[in-house]
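Take a look at the structure below.
The values are calculated or read from the model by the stated rules, or taken from the named source; none is laboratory data. The structure displayed is predicted, hence computed values, not measured ones. A quick note on method: Cβ atoms are made from the backbone with ideal geometry, for glycine too, and the neighbour counts reach across all protein chains shown. Quick note on the areas: whole protein, heavy atoms, side chains included, nothing else; ligands and nucleic acids left out. Shrake-Rupley method; radii C 1.70, N 1.55, O 1.52, S 1.80 Å.
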Amino acid sequence: MSVLPIRKIGDPVLRLAAAPVSDFDAELSRLVDDLTQTLAESRGAGLAAPQIGVSLRVFAINPDLPGNDLRLDHLVNPVLEFPDEEDQRGPEGCLSIPGVYLDTKRRLNAVAKGYTKHGDPAQVVGQGLLARCMQHETDHLDGILFLDRQDADDRQRLLDTLREAAWFEGVPVPELRVSPH
């Protein structure tokens with residue numbers, strides 16, 4: 001297991017739609033181990049493979065998130081379902097955009113279905129923070145950043161603020177998109 005550098009906004013890999021995993025092998029197992037170790041070190045809620053430079057449909061989640069009764073720490077090839085139309089608003093941040101937290105609208109309840117690194121079917125039923133995390137990480141797998149969920153004025157203000165951040169120097173100006181979800 002390795003703690004890997006987290007890619008920052010402006011890195012092209014964060015804007016690619018990640019490829020589905022087809023081989024449940026030792027390489028995938030190492031990727032999941034690296035993701036979970038990097039997430040644990042960063043003390044985040046979730047981390048998607050593109051955030052460590054790997055364009056595959058895998059994410060890690062903090063097993064201690066409230067409601068994660070199975071204590072699942074990753075999901076491969078996740079697909080989200082929403083059991084109802086209920087929304088939540090709340091602060092959201094991203095390890096690829098350090099220090100930025102924005103009020104973001106998400107669904108309150110979500111079900112993520114996918115596989116473990118061994119190819120076994122897995123499902124996480126989440127509410128609140130866990131549902132938010134699963135939606136955020138799945139967005140990463142689709143090349144979407146949580147900034148894309150902000151209205152146009154907020155996105156522009158955020159871009160202006162990012163350009164002033166010390167870590168942002170030399171980073172290409174990120175393209176903002178409208179989320180498909």
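What's the total number of residues in segment 3-28 that are acidic (Asp, Glu) and touching a helix residue (DSSP H, G or I) at 6+ places or on another chain (Cβ under 8 Å)?
So the answer is 0.
Just to check your reading of the model, which residue among Val54, Val76 is hydrophobic (A, V, I, L, M, F, W, C) and either farther than 17 Å from Leu145 by Cα or surrounded by fewer than 17 Cβ atoms within 10 Å (Cβ to Cβ) (or both)?
Values: Val54 fails: either farther than 17 Å from Leu145 by Cα or surrounded by fewer than 17 Cβ atoms within 10 Å (Cβ to Cβ) (or both).
None of the others qualify; the one that does is Val76.
Within segment 114-129, take every residue that is over 16 Å from Asn62 (Cβ atoms) and not in a strand (DSSP E or B) and give me the one that is most open to solvent (accessible area, probe 1.4 Å).
Only one residue fits best here, namely His118.
Starting from segment 5-34, keep only residues that are on the phi < 0 side of the Ramachandran plot, then list their pairs with residues that are loosely packed, with under 13 Cβ neighbours inside 10 Å and among the aromatic types (Phe, Trp, Tyr) whose Cβ atoms are within a distance under 7 Å, requiring at least 6 positions of separation or different chains.
If the second residue must be loosely packed, with under 13 Cβ neighbours inside 10 Å and among the aromatic types (Phe, Trp, Tyr), the pairs left are Lys8/Trp167.
State yes or no: is Pro5 modelled with pLDDT of 95 or more and out of contact with any Cys (no Cβ under 6 Å at 6 or more places or on another chain)?
Yes: the conditions hold for Pro5.
Can you tell me which residues in segment 100-113 are farther than 15 Å from Ala131 by Cβ and open to solvent by less than 70 Å² (accessible area, probe 1.4 Å)?
Val100, Leu102
Between a first residue in segment 119-132 that is under 17 Å from Asp103 (Cα atoms) and a second residue that is part of a strand (DSSP E or B) and of a type in the set (Gly, Ala, Ser), which pairs have beta carbons less than 6 Å apart while being 6 or more apart in sequence or on different chains?
As it stands, the answer is Ala131/Ala110, since those pairs meet every condition given.
Give me a count of the residues in segment 1-40 that are assigned to a loop (DSSP other than H, G, I, E, B), farther than 21 Å from Pro98 by Cβ and open to solvent by less than 40 Å² (accessible area, probe 1.4 Å).
Residues that pass the stated criteria total 2.
Which residues, taken from segment 80-92, are touching a residue at least 40 places away in the same chain (Cβ under 8 Å) and either open to solvent by 50 Å² or more (accessible area, probe 1.4 Å) or not polar (S, T, N, Q) (or both)?
Result: Leu80, Gly90, Glu92.
Considering only residues that are touching a strand residue (DSSP E or B) at 6+ places or on another chain (Cβ under 9 Å) and acidic (Asp, Glu), look in segment 130-151 and name the one that is surrounded by the most Cβ atoms within 10 Å (Cβ to Cβ).
In the first step, residues of segment 130-151 are kept if they are touching a strand residue (DSSP E or B) at 6+ places or on another chain (Cβ under 9 Å); the result is 130-141, 145-147, 149-150.
If we keep only those that are acidic (Asp, Glu) as well, we get 137, 139.
Working: Glu137: 26, Asp139: 21.
For segment 130-151, the residue satisfying everything is Glu137.
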